[in-house]
1. Per the 1.4 Å probe, what fraction of the accessible area of the protein assembly as shown, in percent, lies on carbon and sulfur atoms?
2. Around B:Asp264, which amide H atoms from residues at least 5 apart in sequence, or from another chain, sit under 5 Å from its own amide H, with H modelled in the peptide plane?
3. For the range A:264-379, what mean projected area does the convex hull of the alpha carbons give, in nm²?
4. Which value, to two decimals, describes the C-alpha radius of gyration of the protein assembly as shown once divided by 2.2 N^0.38 Å?
5. Take every DSSP beta bridge with both residues inside the range B:264-379 and express the antiparallel ones as a percent of the total, to the nearest 5.
6. Over the protein assembly as shown, what is the percentage of antiparallel beta bridges among all DSSP beta bridges, to the nearest 5?
7. Return the distance in nm (one decimal) between the two label points of a simple spin-label model at B:Phe83 and B:Leu111, each offset 7 Å from Cα along Cα→Cβ.
8. Distances in nm, one decimal, shortest first, from B:Phe83 to the same residue in every other copy, taking the label point 7 angstrom along Cα→Cβ.
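The values are calculated or read from the model by the stated rules, or taken from the named source; none is laboratory data. Predicted, not measured: the structure shown is a model, and the values here were computed from it. Neighbour counts run over all protein chains shown; Cβ positions are idealised from the backbone, glycine included. The area values use the complete protein model at the heavy-atom level, side chains included, leaving out ligands, DNA and RNA. Shrake-Rupley method; radii C 1.70, N 1.55, O 1.52, S 1.80 Å.
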Number of protein chains: 2
Amino acid sequence: MSVTAAKGFTAAGIAAGIKESGQPDLALVVNEGPRLAAAGVFTSNRVKAAPVRWSEQVLKGGQVSAVVLNSGGANACTGPLGFQDTHATAEKAAEVLGGNAGEIAVASTGLIGVRLPMDKLLPGIGKAAAELSAHGGEKAAIAIKTTDTVHKTSVAQGDGWTVGGMAKGAGMLAPGLATMLVVLTTDADVDAAGLDAALRSATRQTFDRVDSDGCMSTNDTVLLLASGASGVTPAPDAFAEAVRTVCDDLARQLIGDAEGSSKDIRIEVVGAATEDDAVEVGRSIARNNLLKCAIHGEDPNWGRVLSAIGTTSAAFDPDRIDVAINGVWVCKNGSVGEDRELVDMRYREVRITADLSAGAESAVIWANDLTADYVHENSAYSS
Amino acid sequence: MSVTAAKGFTAAGIAAGIKESGQPDLALVVNEGPRLAAAGVFTSNRVKAAPVRWSEQVLKGGQVSAVVLNSGGANACTGPLGFQDTHATAEKAAEVLGGNAGEIAVASTGLIGVRLPMDKLLPGIGKAAAELSAHGGEKAAIAIKTTDTVHKTSVAQGDGWTVGGMAKGAGMLAPGLATMLVVLTTDADVDAAGLDAALRSATRQTFDRVDSDGCMSTNDTVLLLASGASGVTPAPDAFAEAVRTVCDDLARQLIGDAEGSSKDIRIEVVGAATEDDAVEVGRSIARNNLLKCAIHGEDPNWGRVLSAIGTTSAAFDPDRIDVAINGVWVCKNGSVGEDRELVDMRYREVRITADLSAGAESAVIWANDLTADYVHENSAYSS
């Protein structure tokens, strides 16, 4: 159902020839109104791709009539000419769809440091516009894939309104967003400020808490567009919860499809003095290469969990930390706990719980293991 | 020549049976005086192994008569009983060698969360003491190896005095020290304060700037012992330089022997506004898993360098960053520079230069690539 699950949206996904493979590589998502409200969250990487710098400007107006997304090239580190390419993309979409280029968001994903083939991309916009449909959400989700093995979509139903979405991302998933492009749509009648509040709250607790490989992209973009076509204005809490549900589902799908991964690791930090402490500790565990290798080897190596916790500035007493792996408390009071032989790690999902015994706050971070396949995929990516 | 290159030291390395393989696993380094001055630097991990907590106390007195080092077990996360084991180790060494347990430093390396086999370790101290020799430095260096493929030693000669040293470490090399045990010795006549100043200055620019895999150990220990046996008190600058030379050589040997690595990556950040900025940027590049994979694949993927720089808080303008790989400026002004096909990456050493164009400060960080062998070694470590 994807981005066309909500009323008032059309979408398309086509092969414009940007990818040499001939796979789909260009998506359009069009808000047919009556409202054109929008909010966006972007990478916190200071090296930002041209489409990110463009779309940040667009979103300041709070109105987006359409989003052009391409895979096959990130248009990052491409200088002033790369920015001109993004500008030309928005102008072309405005010409084809009608409307104002200043209300067209652009998102790109793929290799950094390579100019986009504009002779393919610009005609592709016309071709995609001709295929726009209220059932085009799946095709759009397929066209934004890079190394993703599956396309990712999600839907949440409210009382007379809907939130739908699509995502791409299979690596470089890290706080401050990931190499992810996400477009969420809703037919709820919510203004730009309401969208912004719901989206920031949701991304903070979902996309910002997946950390596949510790790497932050130059292109991360999460957009939420509202058409108002349902005529219903939901209660802010109910709306925020629906946005969070869709984001959480998509974030979980990203982790489940991370490049070369064999395990999804759910890291829950409890007993923290503050939520920030819980997040800091969770991320430190999530990024520990030695632990990630151990999990890959189905080795419940809790010493590496403690070693990662010890590098943080969170409040804790090392002698009061407990760690469970898949429900077995292998570390108690900072030392040996239950028998590690009891830990069953055969399944894809691995649950690590770290209890800091320092308070009542908690957070969940999702990560992946580190595998030879990850090394292989990322050694060969640009060659 | 190792720790016995300097006059006034004896050492030994033996197989005490701590390692099931029967390989050497226990080393003794004894300061025969006349001076017993010492300084130490330890892991900044807040989860500290028992021997680290013990030796930190010992070093506060500024006097060390002997160091007991074992491989085959880290004695970390072993609770109060683990600390008692370290205490008993020092007591046993004091009994065998004469002297005060409060002047015996202890260092351990190996798996976390496992008690040491004290029934093997304590008799081993007597056995090692019986083999102490002014030529025992090499054997001591061999006995502290874990996954190291070679033992590491270094010597610098002053004007009538000498600094020697040994190191172990093959992974978990990260700032705030690494999984490394290092013992340096000198026959220069320098007091504890002089040793401390020279050691802190040296480690800050050497061991703290190698980052094999971003992981920080619970056991890192670097000790500098002075016997005064040469009767010469060097100029502080000359002494500091000799200590730095030995540390730099040992640090470089650690990177060259990092677990599963196929490349040594020298990351030089220049044009930084401050040295701290240069170090922050260098570490961020050093820890980027995607870049480490690319280097392994001999792919001069400068986009991943920029992506890593962008996550830092250093002063720079993204459009003024230049990046060279092995001397080819593949990125200029944050965008495409010289032809990446010109970059020759066949050799083990890879040089990355990042010019932030923001000042005159610089720093060098050493790292390794990320390989399938690293994953394999660290998936299988404790099983």
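1. Values: 12490 of 25590 Å².
For the protein assembly as shown, the apolar C and S fraction of the accessible surface comes to 49 percent.
2. B:Glu349, B:Val350
3. Answer in nm², one decimal: 6.6.
4. 1.04
5. In the range B:264-379, DSSP labels about 70 percent of beta bridges as antiparallel.
6. 70
7. 2.5
8. 5.8
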